[in-house]
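K.L.:
Quick one: the structure is below, and I'll ask about it shortly.
The values are calculated or read from the model by the stated rules, or taken from the named source; none is laboratory data. Note that the structure is predicted; figures quoted are calculated from it, not measured. Here the Cβ positions follow ideal geometry from the backbone for every residue, glycine too, while neighbour counts run over all protein chains shown. Heavy atoms of the whole protein, side chains included, go into the accessibility calculation; ligands, DNA and RNA do not. Shrake-Rupley method; radii C 1.70, N 1.55, O 1.52, S 1.80 Å.
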Amino acid sequence: MSFNRRQFLTLFGVSTASVTFGSVLPGCQEVSAPPVPPPITPTIPAGLNFIPIPSVMPLAMDSTPKEKQIELLSRVEIQDDLVLPAGYAYQVLATWGDRVGDGRFGYNNDYVSFVPTGNDEGFLTVNFEYISARPWLGAIAQVSSKKLPIAAATAALAKQNGQKIDVSSLGDPDLAAQCREIAQEALLDLGIGVIKIKRNAQGQWERTPSPADRRITGLSGYAVDRDVPADEKLIKSSGPATEVFLKQDTISSVRDDLGDRIIGTFGNCAGGTTPWGTVLSAEENFQNLVPEPVYADGTPFPPSEVPFVLTPDSLDGLGNPFALAGHKYGWIVEVDPSNPQDYGTKHTWLGRYRHEAVGIRVDAGKPLAFYSGCDRRGGHLYKFVSKDAVRDPKSKENSKLLTEGMLYAAKFNPDGTGIWLPLRPETAVNPDLPSDHLGGMIPLPKRPDGGIVRITKDEEIESFKQQFATLADLYQGTPTEQQGAILIDAHFAGNAIGATGTARPEDTVVDSKGSLFIAFTSGAPSKSSGGPNKNIFRGPNGSDNYEHGWIMRLDEDKNEPAALSFKWQMMATGGEPAQGGMGFSNPDNLAFDPAGNLWMVTDMSGVRVNQAVPAGRQANGKPLTSTELVGLYGNNSIWHIPLQGEHAGKAFLFGYGPMECETTGPCFTTDGKTLFLAVQHPGEIYGARQDGAQEERTLALKTVDGQEFLQSRVVPLGSNWPAKTANAAPRPAVVAIYRLDGAAL
């Protein structure tokens, strides 16, 4: 559903035609000030603790007259900083390269978890998702204090196969060694980190290193000499897929000789924190490092399917130089931050797909319910339900409940209802029609070859159903091995049984009453993955192919975690107010504060942020798509959405991030006085900002009632955050946001 104009926030007017979005005071205690003094003394909206910062575009119910609003927004300057409301500050807690145990704080920090260990102290567990090639390559020598052979390897690879190479097939042992050295350094920057922190008497957080501080990297447990036994840092696994990991007679020739143990974790995006004090880390885009496709028995395609890639703008295929087995990545990893010997367990009952998050529901006397989304275009929403019930929600014995249960995928109906389909061998094959999905394509398991086949014609679905009656006809092995293979191939098995293709489900969070909130980031399709069901995911005025996203609320029937049916409704819609949206684009991570308010951060692609939008919003005589309009929304941002009171359901702009970054992983302390936030990949597109480089761009904006006007926007090229000194290399970092008066946010 969309919201009418009365439901949008009122933002105050500003006093000059040139608006500077953000300023901060120098020093270790960084203070964000109002972008520009307002012409009148602003008031805090009832029920909020802050004055919303001005947006780069018109928002509904702005008290400024339209003509004045056009004048004020005719020119803006974007700042390379974390911009917050007046009276709020941020403190940098940890930055890429900082020492953590026997390793370093990793790159592209994402999910942040805080597990208290006492008053004003606890463990901060942080995910490290992927490598942004340009800024990483530009600063890794300084961070690692190593002289990596990047230039030599880049030049050599440029002469071979377009800079993509299967390292095992290289005839040049020196180049192979160079590729492994670079890939190893990158994999050490991925995975999970645990640090101990404490709030001092002045209200500032500080690191207090402990024996539990550690890095779980993309190569934890890797033995360089394969004749040497793998060490204690190998990751464990549980559930049916372990039978596939242990299997000797397989279709695939890939062997790692580790059985049910696993080397490292990577692609660690969002996650969740359990009531019993463990952290769940979600492996997302593993397909960029190792092969995603599997054979009918669940065993992986060879590493050569994802070659090593090194260019000035790309660093991928990091698993290739180490021949990592692809079917062991794409899982949920559980880690106990307080246990220094725990390097994680991948619970295979939770499924293998491009996990973005974990929504956790733990009710005493009932089964566990864990929710997660597959963040790809056409990805599904999943629920795991444990076989046994919870006794004590705070008992660490609950981790055992993750070792047995059932994984379900959601099927949404246009009438606001839905059902959960079990991913088990007996479930009937009944794919949706390609014509019901944007992009007109459904990827299904390919037999007998393995991998997938992309179905584009409705009549081909009927033929597929006649050939394969149940999932048991698509997967091989003993009953347990079959179940494991289905879980390993969860996304394509989900397509086969008719789970709904959705709009990139990024985050899943459960409120105190048991309602699930899901951030669907983008309703646009992909040629390789497919797209969302166009009967479910529709933008304002019924439009499809809608880039700007939604937040959905899902309620289980009778509020039972193990229910097999549910009701759903869209509770927030992205997009311009002129089109019926709420002023944001691409909602991503979600979090609840202790008062029950929903907080959201956005995930607009760095290549589109602040990009020009020509007058008339046309290119080559054709209207721009919603994807081509993402540049309107400024830098990625932070929003506050009350769910109760006078402003329930409205979105209030709380902050903007630095240049080319995502603001990710919002996490509150139990007293609500600190918001931990990860600032990921500043400078991802241009790298370090050189000598204050900037560019002035023209964007065709619209007033709330649809009148077009032109804005001149000054955009920094690259980032120097968080150092904020000239030409400094940008680094991802985790910050603590707080009020200067010490009150709750």
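K.L.:
If you scan region 185-225, which residues turn out to be in contact (Cβ under 8 Å) with a residue 60 or more places away in the chain, open to solvent by 30 Å² or more (accessible area, probe 1.4 Å) and within 18 Å of I262 (Cβ to Cβ)?
P.N.:
L188, Y222
K.L.:
Considering (1) at pLDDT 95 or above; (2) open to solvent by less than 10 Å² (accessible area, probe 1.4 Å), say which one A651 fails and leave the rest.
P.N.:
Checking A651 against (1) at pLDDT 95 or above; (2) open to solvent by less than 10 Å² (accessible area, probe 1.4 Å), the one that fails is (1).
K.L.:
Can I ask one more? Go through region 731-745 and count every residue that is over 25 Å from F50 (Cα atoms) and either of a type in the set (S, T, N, Q) or open to solvent by 10 Å² or more (accessible area, probe 1.4 Å) (or both). If you could, list the steps in order and put the result at the bottom.
P.N.:
Step one: of region 731-745, the residues over 25 Å from F50 (Cα atoms) are 731-732.
Keeping just the survivors that are either of a type in the set (S, T, N, Q) or open to solvent by 10 Å² or more (accessible area, probe 1.4 Å) (or both) gives 731.
Total meeting the criteria: 1.
K.L.:
Filter region 109-125 down to residues that are open to solvent by 10 Å² or more (accessible area, probe 1.4 Å) and of a type outside the set (S, T, Y), then give me how many there are.
P.N.:
Restricting attention to region 109-125, the residues satisfying the condition of being open to solvent by 10 Å² or more (accessible area, probe 1.4 Å) are 111, 114-121, 123.
If we keep only those that are of a type outside the set (S, T, Y) too, we end up with 114-116, 118-121, 123.
The total comes to 8.
K.L.:
Can I ask one more? Taking region 145-155 as the region of interest, how many residues are without any contact (Cβ under 8 Å) to a residue 60 or more places away in the chain and either acidic (D, E) or assigned to a helix (DSSP H, G or I) (or both)?
P.N.:
Residues in region 145-155 being without any contact (Cβ under 8 Å) to a residue 60 or more places away in the chain and either acidic (D, E) or assigned to a helix (DSSP H, G or I) (or both): 3 in total.
K.L.:
Show me the helices (runs of 4 or more DSSP H) found entirely inside region 431-546 where at least 3 residues are of a type in the set (D, E, K, R). Talk me through it step by step, then tell me what you get.
P.N.:
Numbers: elements: 458-467, 479-488, 490-497.
Once the helices (runs of 4 or more DSSP H) in region 431-546 are filtered for at least 3 residues that are of a type in the set (D, E, K, R), what remains is 458-467.
K.L.:
Among the residues of region 296-309, how many are surrounded by 24 or more Cβ atoms within 10 Å (Cβ to Cβ) and over 24 Å from the mean Cα position of the chain (by Cα)? If you could, list the steps in order and put the result at the bottom.
P.N.:
Keep residues of region 296-309 that are surrounded by 24 or more Cβ atoms within 10 Å (Cβ to Cβ), which gives 298-300, 303, 306, 308.
Narrowing further to those that are over 24 Å from the mean Cα position of the chain (by Cα): 298-300, 303.
Number of matching residues: 4.
Listed here are the residues, each with its yes/no results for (1) open to solvent by 20 Å² or more (accessible area, probe 1.4 Å); (2) in contact with a Ser or Thr (Cβ under 7 Å, 6 or more places away or on another chain); (3) farther than 30 Å from A364 by Cα.
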{"residue": "G439", "(1), (2), (3)": "yes, yes, yes"}
{"residue": "L444", "(1), (2), (3)": "no, no, yes"}
{"residue": "G451", "(1), (2), (3)": "no, no, yes"}
{"residue": "I455", "(1), (2), (3)": "no, no, yes"}
{"residue": "E460", "(1), (2), (3)": "yes, no, yes"}
{"residue": "G501", "(1), (2), (3)": "no, no, yes"}
{"residue": "L516", "(1), (2), (3)": "no, yes, no"}
{"residue": "A519", "(1), (2), (3)": "no, no, no"}
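K.L.:
If you don't mind, there's one more thing I want to ask. If you check F123, F114, which single one turns out to be more than 21 Å from the chain's Cα centre (by Cα), part of a strand (DSSP E or B), hydrophobic (A, V, I, L, M, F, W, C) and closer than 15 Å to T208 by Cα? Write out each step before concluding.
P.N.:
Numbers: F114 fails: more than 21 Å from the chain's Cα centre (by Cα).
It is F123.
K.L.:
With respect to S304, is the statement that it is more than 23 Å from V126 (Cβ to Cβ), in a loop (DSSP other than H, G, I, E, B) and among the polar types (S, T, N, Q) true? Outline the logic, then answer.
P.N.:
Numbers: more than 23 Å from V126 (Cβ to Cβ): yes; in a loop (DSSP other than H, G, I, E, B): no; among the polar types (S, T, N, Q): yes.
Considered against the rule, which asks whether it is more than 23 Å from V126 (Cβ to Cβ), in a loop (DSSP other than H, G, I, E, B) and among the polar types (S, T, N, Q), S304 comes out as no.
K.L.:
Okay, next question. Residues of region 162-184 being surrounded by fewer than 12 Cβ atoms within 10 Å (Cβ to Cβ) and touching a residue at least 40 places away in the same chain (Cβ under 8 Å), which ones?
P.N.:
Across region 162-184, the qualifying residue is only S169.
K.L.:
Residues A728, A693: which one is over 30 Å from P275 (Cβ atoms), open to solvent by 10 Å² or more (accessible area, probe 1.4 Å), in contact with a Phe, Trp or Tyr (Cβ under 8 Å, 6 or more places away or on another chain) and not charged (D, E, K, R)?
P.N.:
A693
K.L.:
Take region 394-447 and flag every residue that is more than 30 Å from V115 (Cβ to Cβ), without any contact (Cβ under 8 Å) to a residue 60 or more places away in the chain and among the hydrophobic types (A, V, I, L, M, F, W, C).
P.N.:
Scanning region 394-447 gives L433, L444.
K.L.:
Would you mind stating whether D256 is closer than 30 Å to A688 by Cβ, at pLDDT below 95 and surrounded by fewer than 19 Cβ atoms within 10 Å (Cβ to Cβ)? Working first, answer last.
P.N.:
Numbers: closer than 30 Å to A688 by Cβ: no; at pLDDT below 95: yes; surrounded by fewer than 19 Cβ atoms within 10 Å (Cβ to Cβ): yes.
Against the criterion (closer than 30 Å to A688 by Cβ, at pLDDT below 95 and surrounded by fewer than 19 Cβ atoms within 10 Å (Cβ to Cβ)), D256 does not qualify.
K.L.:
Something else now. When only residues in region 49-85 that are at pLDDT 90 or above, in a loop (DSSP other than H, G, I, E, B) and closer than 18 Å to D705 by Cβ count, which is farthest from the chain's Cα centre (by Cα)?
P.N.:
Ranking the qualifying residues of region 49-85, first place goes to S74.
K.L.:
Check G378, G351 and return the single one that is touching a helix residue (DSSP H, G or I) at 6+ places or on another chain (Cβ under 7 Å) and either farther than 13 Å from A563 by Cα or modelled with pLDDT of 95 or more (or both).
P.N.:
Details: G378 fails: touching a helix residue (DSSP H, G or I) at 6+ places or on another chain (Cβ under 7 Å).
The match here is G351.
K.L.:
If you don't mind, there's one more thing I want to ask. Where residues in region 521-536 are open to solvent by less than 10 Å² (accessible area, probe 1.4 Å) and not small (G, A, S), which of them is farthest from P587 (Cα to Cα)?
P.N.:
P532
K.L.:
In addition: In this structure, is G106 on the phi > 0 side of the Ramachandran plot, outside any strand (DSSP E or B) and either open to solvent by less than 40 Å² (accessible area, probe 1.4 Å) or in contact with a Phe, Trp or Tyr (Cβ under 6 Å, 6 or more places away or on another chain) (or both)?
P.N.:
It is false that G106 is on the phi > 0 side of the Ramachandran plot, outside any strand (DSSP E or B) and either open to solvent by less than 40 Å² (accessible area, probe 1.4 Å) or in contact with a Phe, Trp or Tyr (Cβ under 6 Å, 6 or more places away or on another chain) (or both).
K.L.:
State all residues of region 285-310 that are touching a Gly at 6+ places or on another chain (Cβ under 6 Å) and more than 21 Å from P425 (Cβ to Cβ); if no residue qualifies, say none.
P.N.:
N285, F286, L289, V290, P291, V306, P307, F308, V309
K.L.:
Could you check region 126-144 and list, in sequence order, the residues that are under 21 Å from S605 (Cα atoms), open to solvent by less than 30 Å² (accessible area, probe 1.4 Å) and not in a helix (DSSP H, G or I)?
P.N.:
Correct list: N127, F128, E129, I131, S132.
K.L.:
Looking only at residues in region 547-598 that are assigned to a strand (DSSP E or B) and aromatic (F, W, Y), which one is farthest from P414 (Cα to Cα)? It would help to see each step written out before you state the result.
P.N.:
Residues of region 547-598 assigned to a strand (DSSP E or B): 550-556, 565-573, 587-592, 598.
Checking which are aromatic (F, W, Y) leaves us with 550, 566, 568, 592.
Values: W550: 15, F566: 13, W568: 10, F592: 28 Å.
The qualifying residue farthest from P414 (Cα to Cα) is F592.
K.L.:
In region 418-447, what residues are β-branched (V, I, T) and under 24 Å from the mean Cα position of the chain (by Cα)?
P.N.:
Let us first name the residues in region 418-447 that are β-branched (V, I, T), namely 419, 427, 429, 442.
Once the filter is applied, which keeps residues that are β-branched (V, I, T) and under 24 Å from the mean Cα position of the chain (by Cα), region 418-447 yields only I442.
K.L.:
Also, quick follow-up: Out of N597, N620, N559, I need the residue that is over 20 Å from the mean Cα position of the chain (by Cα), at pLDDT below 95 and open to solvent by 10 Å² or more (accessible area, probe 1.4 Å). Which one? So that I can check it myself, show each step before the final result.
P.N.:
Working: N597 fails: at pLDDT below 95; N559 fails: at pLDDT below 95.
Going through N597, N620, N559 in turn, the sole match is N620.
K.L.:
Mind checking whether some residue in region 409-432 is acidic (D, E) and under 18 Å from L474 (Cβ atoms)?
P.N.:
Of all residues in region 409-432, those acidic (D, E) come to 415, 426, 432.
Going one step further and asking which of them are under 18 Å from L474 (Cβ atoms), we end up with 426, 432.
Looking for residues that are acidic (D, E) and under 18 Å from L474 (Cβ atoms), one finds at least one in region 409-432, hence yes.
K.L.:
Further, regarding this structure: Has region 462-470 got any residue that is closer than 29 Å to G523 by Cβ and touching a His at 6+ places or on another chain (Cβ under 6 Å)?
P.N.:
no
K.L.:
Give D511, D507, D489 a once-over and let me know the one that is open to solvent by 20 Å² or more (accessible area, probe 1.4 Å) and not β-branched (V, I, T). Step through it out loud before you land on a result.
P.N.:
On the way: D507 fails: open to solvent by 20 Å² or more (accessible area, probe 1.4 Å); D489 fails: open to solvent by 20 Å² or more (accessible area, probe 1.4 Å).
Every option except D511 fails the conditions.
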